[in-house]
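Student: I'd like to ask some things about the structure below.
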Amino acid sequence: QIRDEERGYNKNLFCIPKHYEEDLERVFIPHGLILDRTERLARDIMQDMGSHHIVALCVLKGGYKFFADVLDHIKALNQNGDKSVPVTVNFVRIKSYCV
């Protein structure tokens, strides 16, 4: 949880693409932390699923990168862990989100 009074990190500590430099004031969640949490999520999924088949559903288009990162970690755990769980991948495209 990021509190309202959180100051974040100075953007000069990061490599920011030129087209974002003027729009970005600070960085609240560094990329490395996001990568670490994504790997932790994959580990939690593997632990929670036990030996059950995993059906992964990606909501296109915005979620594909995160989805691919989580699946890469699951794949690595399947290859390098002491158990292997079957994974099926599906995609769904949604035209709009209802509120």
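The values are calculated or read from the model by the stated rules, or taken from the named source; none is laboratory data. Values in this document were obtained by computation on a predicted structure and should not be read as measured data. All Cβ positions, glycine included, derive from the backbone under ideal geometry; neighbour counts span all protein chains shown. Each accessible area value is taken on the protein alone, full model and side chains, heavy atoms only, with ligands, DNA and RNA left out. Shrake-Rupley method; radii C 1.70, N 1.55, O 1.52, S 1.80 Å.
Student: So which of A56, A68 is outside any helix (DSSP H, G or I), open to solvent by less than 90 Å² (accessible area, probe 1.4 Å) and modelled with pLDDT of 90 or more?
Tutor: Being outside any helix (DSSP H, G or I), open to solvent by less than 90 Å² (accessible area, probe 1.4 Å) and modelled with pLDDT of 90 or more holds for just one of A56, A68, which is A56.
Student: List the pairs whose first member sits in region 36-51 and is part of a helix (DSSP H, G or I), whose second member is not hydrophobic (A, V, I, L, M, F, W, C), and whose Cβ atoms are under 6 Å apart, counting only residues at least 6 apart or on separate chains?
Tutor: Every condition considered, the pairs that remain are T38/D69; E39/H73; A42/H73.
Student: Restricting attention to region 4-12, does a residue exist that is open to solvent by 90 Å² or more (accessible area, probe 1.4 Å), more than 21 Å from the chain's Cα centre (by Cα) and among the hydroxyl-bearing types (S, T, Y)?
Tutor: Looking for residues that are open to solvent by 90 Å² or more (accessible area, probe 1.4 Å), more than 21 Å from the chain's Cα centre (by Cα) and among the hydroxyl-bearing types (S, T, Y), one finds none in region 4-12, hence no.
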